[in-house]
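The block underneath contains the structure these notes are about, expressed in structure tokens.
The values are calculated or read from the model by the stated rules, or taken from the named source; none is laboratory data. Since the structure is predicted, the reported quantities are computational estimates derived from the model, not experimental observations. As a convention, Cβ positions derive from the backbone with ideal geometry for all residues, glycine included, and neighbour counts pool all protein chains shown. Heavy atoms of the whole protein, side chains included, go into the accessibility calculation; ligands, DNA and RNA do not. Shrake-Rupley method; radii C 1.70, N 1.55, O 1.52, S 1.80 Å.
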Amino acid sequence: MLSRPRNRYLLILDVQLLALSTLLAYLVRFEGFSWGPDQGRIAVVFLAVAIPVKILVFYAVGLYRRLWRYASVAELESLLLATAVAGIASSLLGAVVLPGLGAVPARVPLSVLFIDWCLTGAAVSLPRLLLRIAARRRNGVQDASARRVLVAGAGSAGGTIVRQLLDHPELGLRAVGFVDDDSRKHGHRLHDLPVLGALADIPDIARQLGVDEVIIAMPTASGRVIREVVRAADLAEVKTRTVPGMVDILSGRVSITHLRQVEIQDLLRREAVKTDMEQVRALGTGETVLVTGAGGSIGSELCRQLGRLGPARIILLGHGENSIFAVMQEMTERFPNIRFEPVIAVVRDRDHLAQIFTRYDPYTVFHAAAHKHVPLMEANIGEAVTNNVLGTRNVVQLAAEGRVEHLVLISTDKAVRPTNVMGATKRVAEQLVQQTAESHNKNFVAVRFGNVLGSRGSVVPTFLRQIAEGGPVTVTHPEMRRYFMTIPESVQLVLQAGALGRGGEVFVLDMGEPVKIADLAADLIRLSGREPGKDIEIRFTGVRPGEKLYEELFFSAENAIPTDHPKVLRAKNAVLPVGISTVVEDLITAAQQGWPDEELRRFLKRLVPDFDPARGAVPVSSR
């Protein structure tokens, strides 16, 4: 059945126009009505047979199941296909089939068949094109109150956005033009809208055209470009919205037409991560995977992405019952075919941990459980040691004693030439992984990366809370810089690094360029619709104990080499400290017995010679 009444009208119109096309073809061929009796009979028979054949072809191709008022390139393709098939079919009928069956005394003249073919294409296309034009004209008459929109990005995404705005005037948005940094596009038109200039011209163009909003239609643009557009729009005092980044589009979570407010991850956006899923599947498909710290930001995202690999079972280990309960609920709903085992435990408790390894016999372990807050660990050194060092030793030793084939330690850039206890303890954790991998010939590795956007207690949620409270936004130092990644991106690369590991390596993720924390704070204030320094104060409070201005990714003694993945580097750690096992044991004992902080720092210094708390002390007045 025909899907819409309007297509019924098109069918009736097609029958009339197809008959007219054939008659016109004869008129052109014979330059009038002097066809002769034989040709008249041939024309009648040909019309009687060819028109139903053409209609059947059009129906089979789907011309009567389309909404022509929304026609696009796909509809054009169907028109070309239908016209080609119908032309070939009618030509065969007139030149071969009808004469061969004796239905007509002679074949239809070839010139008539050719002209009829051309006119058939016009007869079918023009009414549908007129419908599309009429719809466009009707949508083009917009309410005078519609917000005027400037589209940043004159590419396929920008074109898609403009089409959506034209097709949906009820959105109350009217596109007035494009801006794009590709100078070859300047002066040209896309969807009948001009490309007015470069991204840097946004303030002038917005003022000249009375623009109310800038839509960023550049899903593959870098964070630097997005920041430039947001700041240019801010200068013009207009709002910004954006299409999702390519990571979100490729994941299937959203479509390219899903407009939303610009968020902080857009300002830090980098090229989408391409994960070699076949390589990563070796980590857990059909196996049991244990995730420590499963209730945390990284641990829970690890569980989400591991679920897509199809493991037989995932062990969700954590010490906080609420966070484990939440991730358990989410995982069982998202992956009903995978068994999830919630385990409340602390990695310090080796006996309990041993029972867990014996009971579940994991094939792969992701060790994400750790204390991570720098100032808190400076004030609680014993806790940092027992959780980050003792906990890692327990996990690594039990994994080596069992059948674990892959172990991945989640480490941090703060482990490089650390100026704080947290970084030093994570560096010792890396050493324990390296030592065990080398002594047991195991595929155990560490993955080192920087700050993760949106993780609990991280800088962005803190800034957002301060902005919501009216400020001030507190930044420790004007020159403080950090590397940032999104949680899904960091976990994708953790999985990739785990699959690349051969044992003992530290993998370093490509974090892009470090970002000034002060700039990040200012951008967040602008995204909230306020002005830094005017509406919300940015206050510099001084570097906290253990902090340093710039994080590093490698030790001087490490040799970083590329891997098969462009965003993952491999580093073979420097030579392990002499007597590491004895010193680690002494450090743990001292922490458990409550030794003074300076004694614990002394043990850490023996294990991590680069550990230098003094380097982190930079007064705020140095700006």
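Odds and ends about this structure:
- Looking at segment 426-518, the accessible area is 30 square angstrom per residue; that uses a 1.4 Å probe and ignores ligands, DNA and RNA.
- For residue 444, residues with placed amide H under 5 Å, excluding near neighbours: 407, 503, 504
- Phi-based couplings in Hz for segment 90-104 (Karplus 6.51, -1.76, 1.60; Gly and Pro marked x): 5, 5, 5, 4, x, 9, 10, 5, 4, x, x, 7, x, 6, 9
- Summing Cβ point charges (Lys, Arg +1; Asp, Glu -1) relative to the Cα centre of segment 378-448 gives a dipole of roughly 120 debye.
- Per-residue HN-Hα couplings for segment 595-605 [Karplus 6.51, -1.76, 1.60; θ = phi - 60°; Hz; x = Gly/Pro]: 4, x, 4, 5, 5, 5, 5, 5, 4, 4, 5
- Take residue 304: with every protein chain present and a 1.4 Å probe, its accessible area is about 50 Å².
- Ligands, DNA and RNA left out, the 1.4 Å accessible surface of segment 297-352 is 47% carbon and sulfur atoms.
- Measuring with a 1.4 angstrom probe and ignoring ligands and nucleic acids, residue 377 comes out at about 20 Å² accessible.
- Distance between the modelled labels on residue 147 and residue 188, one decimal in nanometres: 2.9 nm (7 Å Cα→Cβ projection).
- 5 angstrom amide H check on residue 449, placed H, neighbours 5+ away: 411, 412, 413
- Accessible area in the full protein assembly, largest first, 1.4 Å probe, for 406, 367: 406, 367
- Subtracting the Cα-Cα distance of residue 122 and residue 589 from their residue separation scaled by 0.36 nm leaves 159.3 nm.
- Look at the dipole of segment 165-228 built from charges on Cβ: of 183, 199, 218, the Cα furthest out on the positive end belongs to 183.
- For a label point 7 Å along the Cα-to-beta-carbon line of residue 581, residues of segment 382-399 with backbone N under 15 Å: 393-394, 396-398
- Unsatisfied cross-links (Cα-Cα over 31 Å) in the set 239/516; 372/442; 185/534; 54/185: 185/534; 54/185
- Heavy-atom accessible area, probed at 1.4 angstrom with all protein chains present, ranks 605, 54, 414 as 605, 414, 54, highest first.
- Once the 1.4 Å probe is applied to the protein heavy atoms, segment 156-205 comes out at 49 Å² accessible per residue.
- Under the Karplus curve 6.51 cos²θ - 1.76 cosθ + 1.60, θ = phi - 60°, whole-Hz ³J(HN,Hα) for segment 175-182, x wherever Gly or Pro sits: 6, 10, x, 10, 10, 7, 7, 7
- Pairwise label distance in nanometres, residue 277 with residue 85, each label 7 Å out on the Cα-Cβ vector: 3.2 nm
- Solvent accessible area, Å² - residue 77, 1.4 Å probe, full protein context: 120 Å²
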